[in-house]
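Visitor: My questions all concern the structure below.
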Amino acid sequence: MLVMWCSRTAFGRLQRIAPCTVTGFHRAMSTLPKVYVTRKVPPDGLDILRKSGQVQFEMWDSDDPVPRVELLKKVKGCEGILCVLTEKIDAQLLNAAGPNLKVVSTMSVGFDHLSLDELKKRGIRVGYTPDVLTDCVAELTVALLLATSRRLIEATHEAKTGGWGTWRTLWLCGHELANSTVGILGLGRIGVAIAERLKPFKVKKFIYTDVAPRPDLANMIEAEYVSLDELAKQSDFLAICCALTPETHGICNWNLFSKMKKNAIFINTSR
């Protein structure tokens, strides 16, 4: 079962998924259900766990991933795991955790690092954060697109290294969004949010490809459904927003790139 949870309420969701009966405030910590947190997370989240009085938790207090050997050791006997996308939650880890494990929550939008079949087989519930980064990713995608199309990184380098000199007519000219065709591979929340931000730049047309037409979302941005080949051929700017699945793995390959315009700009903010 997939359940939605986000930022500050993520830890509250973890508690509700794996409820515990507390017999009193003086219950010994050693008897409380164990939760392992695989990475340093925002203090507000930890406060929710700490103040609940329902669990004891241990955290890998680092910005770097927990070593696999350490992870397998620490999850033993846990009833809950809070992980991030660098931790592969597979049969090996679930075996190491043992039969007490009730819930795995990941602080990420994607969940391709979770072996969903194994989790479902064992009746372990899953939490993830599907909508918390939509605006952030859309804004950064637009920032990357503008930085690339207007050659801002090159211009900054020239300014810092003394390359800025006499005004030249064609020096560092880029490509404008006005009257362009913007393609979106994978029209979901993020794809729509990107198009909404690009619309004021006088984009001529939005086109998209997905596993099937998505008229409800497409109507919000007046986007046209096309084949993958047509997406590659028509797009002046191509934004990749699809989820990583067996069907999309390696989809951006020579076949796609060879059909694109020579001056097209490709922005990948997917996995």
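The values are calculated or read from the model by the stated rules, or taken from the named source; none is laboratory data. This is a predicted model, so every value here is computed, not measured. Using ideal geometry, Cβ is built from the backbone for each residue, glycine included, and neighbour counts are taken over all protein chains shown. These area figures cover heavy atoms from the full protein model, side chains too; ligands, DNA and RNA do not enter into them. Shrake-Rupley method; radii C 1.70, N 1.55, O 1.52, S 1.80 Å.
Visitor: Would you call Lys259 more than 15 Å from Ser180 (Cβ to Cβ), in contact with a Lys or Arg (Cβ under 6 Å, 6 or more places away or on another chain) and either basic (Lys, Arg) or open to solvent by less than 40 Å² (accessible area, probe 1.4 Å) (or both)?
Guide: For Lys259, the condition - more than 15 Å from Ser180 (Cβ to Cβ), in contact with a Lys or Arg (Cβ under 6 Å, 6 or more places away or on another chain) and either basic (Lys, Arg) or open to solvent by less than 40 Å² (accessible area, probe 1.4 Å) (or both) - is met.
Visitor: If you check Glu158, Glu118, which single one turns out to be open to solvent by less than 50 Å² (accessible area, probe 1.4 Å), among the charged types (D, E, K, R), over 25 Å from Ile194 (Cα atoms) and in contact (Cβ under 8 Å) with a residue 12 or more places away in the chain?
Guide: Glu118
Visitor: In addition: Is there a residue being assigned to a helix (DSSP H, G or I), under 22 Å from Asp61 (Cα atoms) and in contact with a Phe, Trp or Tyr (Cβ under 9 Å, 6 or more places away or on another chain) anywhere in segment 104-118? Show your work before the answer.
Guide: As a first pass, look at segment 104-118 and keep what is assigned to a helix (DSSP H, G or I): 116-118.
When the remaining residues are screened for being under 22 Å from Asp61 (Cα atoms), the result is none.
Within segment 104-118, none of the residues are assigned to a helix (DSSP H, G or I), under 22 Å from Asp61 (Cα atoms) and in contact with a Phe, Trp or Tyr (Cβ under 9 Å, 6 or more places away or on another chain).
Visitor: Which residue is nearest to Leu244 (Cα to Cα), if the candidates are limited to segment 77-103 and must be β-branched (Val, Ile, Thr) and part of a strand (DSSP E or B)?
Guide: First pass over segment 77-103, keeping only residues β-branched (Val, Ile, Thr): 81, 84, 86, 89, 103.
From what is left, the residues that are part of a strand (DSSP E or B) are 81, 89, 103.
Numbers: Ile81: 23, Ile89: 16, Val103: 23 Å.
In this case the residue turns out to be Ile89.
Visitor: Sticking with this structure for a sec: Residue pairs, Cβ under 7 Å, 6 or more apart or interchain, first in segment 38-51 and closer than 19 Å to Leu85 by Cβ, second open to solvent by less than 40 Å² (accessible area, probe 1.4 Å) and not aliphatic (A, V, I, L, M). List them.
Guide: Note: pairs meeting the criteria are Thr38/Cys83; Thr38/Glu87; Lys40/Ser62; Gly45/Phe11.
Visitor: Just checking, how many residues over segment 52-76 are in contact with a helix residue (DSSP H, G or I) (Cβ under 9 Å, 6 or more places away or on another chain), free of Cβ contacts under 8 Å to residues at least 40 places away in the same chain and in a loop (DSSP other than H, G, I, E, B)?
Guide: Total satisfying the criteria: 6.
Yes/no per residue for (1) modelled with pLDDT of 95 or more; (2) of a type in the set (A, V, I, L, M, F, W, C):
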{"position": "Leu72", "(1), (2)": "yes, yes"}
{"position": "Cys83", "(1), (2)": "yes, yes"}
{"position": "Gln92", "(1), (2)": "yes, no"}
{"position": "Pro99", "(1), (2)": "yes, no"}
{"position": "Val104", "(1), (2)": "yes, yes"}
{"position": "Ser108", "(1), (2)": "no, no"}
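Visitor: Whether any residue in segment 218-230 is in a helix (DSSP H, G or I), of a type in the set (Gly, Ala, Ser) and either crowded, with 19+ Cβ neighbours inside 10 Å or in contact with a helix residue (DSSP H, G or I) (Cβ under 9 Å, 6 or more places away or on another chain) (or both) is what I want to check. Walk me through how you get there before you give the answer.
Guide: Initially, segment 218-230 is screened for residues in a helix (DSSP H, G or I), giving 218-221, 228-230.
Now drop any that are not of a type in the set (Gly, Ala, Ser), which leaves 218.
After this cut, where a residue has to be either crowded, with 19+ Cβ neighbours inside 10 Å or in contact with a helix residue (DSSP H, G or I) (Cβ under 9 Å, 6 or more places away or on another chain) (or both) as well, the list is 218.
Taking every residue of segment 218-230 in turn, at least one turns out to be in a helix (DSSP H, G or I), of a type in the set (Gly, Ala, Ser) and either crowded, with 19+ Cβ neighbours inside 10 Å or in contact with a helix residue (DSSP H, G or I) (Cβ under 9 Å, 6 or more places away or on another chain) (or both).
Visitor: Can you give me the number of residues within segment 221-247 that are within 15 Å of the chain's Cα centre (by Cα) and of a type in the set (S, T, N, Q)?
Guide: Residues in segment 221-247 being within 15 Å of the chain's Cα centre (by Cα) and of a type in the set (S, T, N, Q): 1 in total.
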